[in-house]
Amino acid sequence: MAKSQVSDAEILAQIPAATARASRSRRAKPHAQSARYDRATRMLRVDLTNGATFMLPVSLIPALARASDVALAKVEVAPAGIGLHWE
């Protein structure tokens, strides 16, 4: 079954509704505001938009457990605060 193509005009027409949904989501649910890696404790700290902060050891995250301190320090908050990202 062939996939239908979405036109540029259709995509542009959807942007206002998507922006409104994202705005409602940011107000209703906590999102990541900032993130940093603490080398001394090998902990990842994430500050949320609702004022909460959580920290967890990178050893509990299999994909990060063997990462270097230099690599871990490059943590970034993904767009809209819905995840973390490393290059």
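The values are calculated or read from the model by the stated rules, or taken from the named source; none is laboratory data. What you see is a predicted model; the values in this text were computed from it and never measured. Positions of Cβ are generated from backbone atoms using ideal geometry, with glycine treated the same way; all protein chains shown enter the neighbour counts. Ligands, DNA and RNA are excluded from the accessible area calculation, which covers all protein heavy atoms including side chains. Shrake-Rupley method; radii C 1.70, N 1.55, O 1.52, S 1.80 Å.
Mind putting a number on the dipole of the chain about its Cα centre? Charges go on the C-beta only, +1 for Lys and Arg and -1 for Asp and Glu, and I need it in Debye to the nearest 20.
Here the size comes out at about 280 debye.
To the nearest 10 square angstrom, what accessible area does Val46 show with a 1.4 Å probe?
Roughly 10 Å² of Val46 is accessible to a 1.4 Å probe.
What three numbers, in Å, describe the spread of the alpha carbons of the range 41-87 along their principal axes, ordered from the longest?
Computed over the range 41-87, the largest-to-smallest principal extents equal 30, 21, 16 Å.
Quick one: if the Förster radius is 25 Å, what FRET efficiency do Arg45 and Val6 give, using the C-beta to C-beta distance and rounding to 0.05?
0.05
What does the accessible area per residue of the chain come to in Å², with a 1.4 Å probe and no ligands, DNA or RNA counted?
Result: 76 Å² per residue.
Using only Cα atoms, locate the centre of the range 52-73 and the centre of the range 4-34, then give the distance between them in Å, rounded to an integer.
That distance is 30 Å.
Please list 3J(HN,Hα) in residue order for the range 4-20, calculated via the Karplus relation 6.51 cos²θ - 1.76 cosθ + 1.60 where θ = phi - 60°; whole Hz, with x for glycine and proline.
So the Karplus estimates, Gly and Pro as x, are 7, 8, 9, 6, 4, 4, 5, 5, 4, 5, 7, 4, x, 5, 5, 4, 5 Hz.
Which whole-number percent gives the relative contact order of the chain, counting Cα pairs below 8 Å spaced six or more residues apart?
23 percent
Of the accessible area of the range 1-61, with the probe set at 1.4 angstrom, what percent is carbon plus sulfur?
57 percent
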